[in-house]
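Here is the structure we will look at, set down as structure tokens.
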Amino acid sequence: YQDKEEVVLWMNTVGPYHNRQETYKYFSLPFCVGSKKSISHYHETLGEALQGVELEFSGLDIKFKDDVMQTTYCEVDLDKGRRDAFVYAIKNHYWYQMYIDDLPIWGIVGEADENGEDYYLWTYKKLEIGYNGNRIVDVNLTSEGKVKLVPNTKIQMSYSVKWKKSDVKFEDRFDKYLDPSFFQHRIHWFSIFNSFMMVIFLVGLVSMILMRTLRKDYARYSKEEEMDDMDRDLGDEYGWKQVHGDVFRPSSHPLIFSSLIGSGCQIFAVSLIVIVVAMIEDLYTERGSMLSTAIFVYAATSPVNGYFGGSLYARQGGRRWIKQLFIGAFLIPAMVCGTAFFINFIAIYYHASRAIPFGTMVAMCSLCFFVILPLNLVGTVLGRNLSGQPNFPCRVNAVPRPIPEKKWFMEPAVIVCLGGILPFGSIFIEMYFIFTSFWAYKIYYVYGFMMLVLVILCIVTVCVTIVCTYFLLYAEDYRWQWTSFLSAASTAIYVYMYSFYYYFFKTKMYGLFQTSFYFGYMAVFSTALGIMCG
């Protein structure tokens with residue numbers, strides 16, 4: 001900024017403190033606007049539109065390095081309707097957010113006295129702005145001027161601006177919003193270390209079990225080959241060698257199966273790339289940039305989905321590959337957009353700023369049809385041609401063999417339920433930190449932790465599914481594809497159950513809008529995580 005240059009104070013949203021996602025336009029409460037009208041226009045990004053950022057000009061006249069004494073900028077004519085609106089807002093602990101030069105400022109609307117009969121409105125915004133050279137590096141708001149709300153009176157709203165020199169560097173100006181004591185708590189380090197130990201233990205266990213049992217199995221099978229035919233008929237053959245003629249049989253419902261696998265590979269690629277980008281760039285300093293990045297990366301990694309899904313479908317002998325292409329491409333977008341559409345109705349009913357505008361919806365749909373679908377097609381064609389030929393070591397028998405009776409804990413359903421416990425155990429402390437930064441007012445910035453947890457999750461999932469598949473094949477059950485996928489994907493069920501615990505014991509959310517928002521998007525998050533693990 002040059003000296004005396006205009007500094008814009010944007011009003012963003014107002015809403016109940018306990019419901020972070022339930023926000024309304026600042027001027028939906030009967031606040032009044034300052035006198036200044038002309039303003040350089042503000043363009044919002046895709047991420048902001050989806051996150052319900054509604055920037056409106058406050059009308060306050062602020063100039064760089066130009067102090068303003070306490071000045072009245074407008075007055076509110078308090079009739080009964082307006083007083084009721086303010087009283088409702090104060091009862092529900094409404095607070096509002098403003099921006100100066102992309103720095104967020106929070107202030108509370110008002111407060112009630114102890115017995116809850118009289119309500120007071122804060123009318124005086126005292127701004128202290130720190131500058132370093134020609135840049136704004138620090139903003140503080142003090143709310144003063146407590147005025148009792150009495151019907152049919154006029155309330156004067158005032159503000160003052162004080163500029164002070166600050167030593168904060170422009171690059172570090174967001175550090176005061178971060179919460180190191182919360183995110184870099186000993187428990188956080190301890191949980192990562194704990195998960196790490198579990199990983200080493202698991203990998204050791206799996207490799208030891210498999211090496212020993214497989215060596216035993218091989219020894220038994222090679223001994224049987226040396227017997228003559230008479231002994232072999234009497235021999236007791238059992239174990240995974242028996243299903244060699246069926247183990248490469250295509251899975252049931254290969255179309256859905258390969259679409260899920262393709263989507264899972266894509267979600268994994270997106271998670272990896274977005275976390276790396278977030279580690280390099282500080283995405284939390286700009287509104288909505290995290291979401292915009294994720295959407296862009298998702299669209300760009302569509303060929304991954306097509307490649308893995310299409311090639312798997314071709315190897316399983318699928319014929320309807322166009323249908324598989326469409327299902328694979330629109331599986332995740334349909335899930336997300338369906339949930340968003342449902343929650344949007346509630347948001348429109350509430351007149352919340354989270355209601356997604358029609359233009360943004362059209363943009364998202366055209367992204368699906370004109371970016372994601374063609375890229376998916378490219379991936380599918382590559383996948384079918386490069387690795388679409390089945391190259392199995394054994395022939396598949398013409399007649400499927402009967403599956404013998406097995407103990408109850410070898411049943412696929414039991415294996416699936418038990419499979420998700422260990423992966424969930426390795427990530428659930430990190431889930432707490434991620435949930436808190438999304439549903440409460442913390443800024444998540446420790447993406448190195450998230451990267452470690454993702455790696456740990458991968459290793460644990462791999463180990464668990466190898467063991468599950470071995471048990472299933474040992475019981476001479478060759479239906480391993482879905483069991484292998486679902487024994488890892490069942491992590492999603494545990495994460496969703498944990499989100500119920502989090503809602504009731506860690507937050508104070510209330511109301512239809514916030515509750516449906518929470519459980520709707522938690523379901524989407526859990527499902528996506530499950531497909532990725534699977």
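Brief remarks on what is shown
- Surrounding net charge for residue 255, when Lys and Arg each add one and Asp and Glu each subtract one, Cβ distance under 12 Å: +3
- Within the chain, the cysteines lacking any other cysteine Cβ closer than 4.7 Å to their own Cβ are 265, 337, 365, 368, 394, 417, 458, 463, 468, 533.
- Dipole magnitude (debye, nearest 20) for the chain, charges at Cβ of Lys, Arg, Asp, Glu: 500 debye
- Relative contact order of the chain, defined on C-alpha pairs under 8 angstrom at six or more residues apart (%): 17 percent
- Length-normalised contact order of segment 5-176 in % [C-alpha pairs under 8 Å, at least 6 apart]: 25 percent
- Available extension along the chain between residue 181 and residue 148 is 8.1 nm, counting 0.36 nm per residue and deducting the alpha carbon span.
- Beta bridges per DSSP with both ends in the chain, % antiparallel, nearest 5: 85 percent
- Using the Cα coordinates of the chain, the gyration tensor eigenvalues translate into equivalent-ellipsoid semi-axes of 58, 24, 22 Å, sorted from longest to shortest.
- Percentage relative contact order, segment 423-534, counting C-alpha pairs under 8 Å, at least six apart: 29 percent
- Computed from the Cα positions only, the extents of segment 65-149 along the three principal axes stand at 48, 23, 21 Å, in decreasing order.
- Here's the picture: charge each Lys and Arg Cβ at +1 and each Asp and Glu Cβ at -1 in segment 5-176, and of 98, 155, 30 the one pushed furthest to the positive end of that dipole is 155.
- Working from the Cα coordinates of segment 281-433, the gyration tensor eigenvalues give, after taking √(5λ), semi-axes of 37, 25, 17 Å in decreasing order.
- Ordering of 213-226, 481-494, 116-129 by packing [mean C-beta count within 10 Å, highest first]: 481-494, 116-129, 213-226
- Cα point-scatterer Debye curve for segment 5-176, base-10 log of I(q)/I(0) at q = 0.12, 0.15 Å⁻¹: -0.58, -0.90
- Helix 186-226 and the longest principal axis of the C-alpha atoms of the chain enclose an angle of approximately 10°.
- Packing-based order for 132-143, 265-276, using average beta carbon neighbours within 10 Å, highest first: 265-276, 132-143
Only the coordinates and a few stated rules stand behind these numbers; no lab work does. All figures in this text were calculated on a predicted structure; none of them were measured in a lab. Note that we place each Cβ from the backbone using ideal geometry, even for glycine, and neighbour counts take in every protein chain shown.
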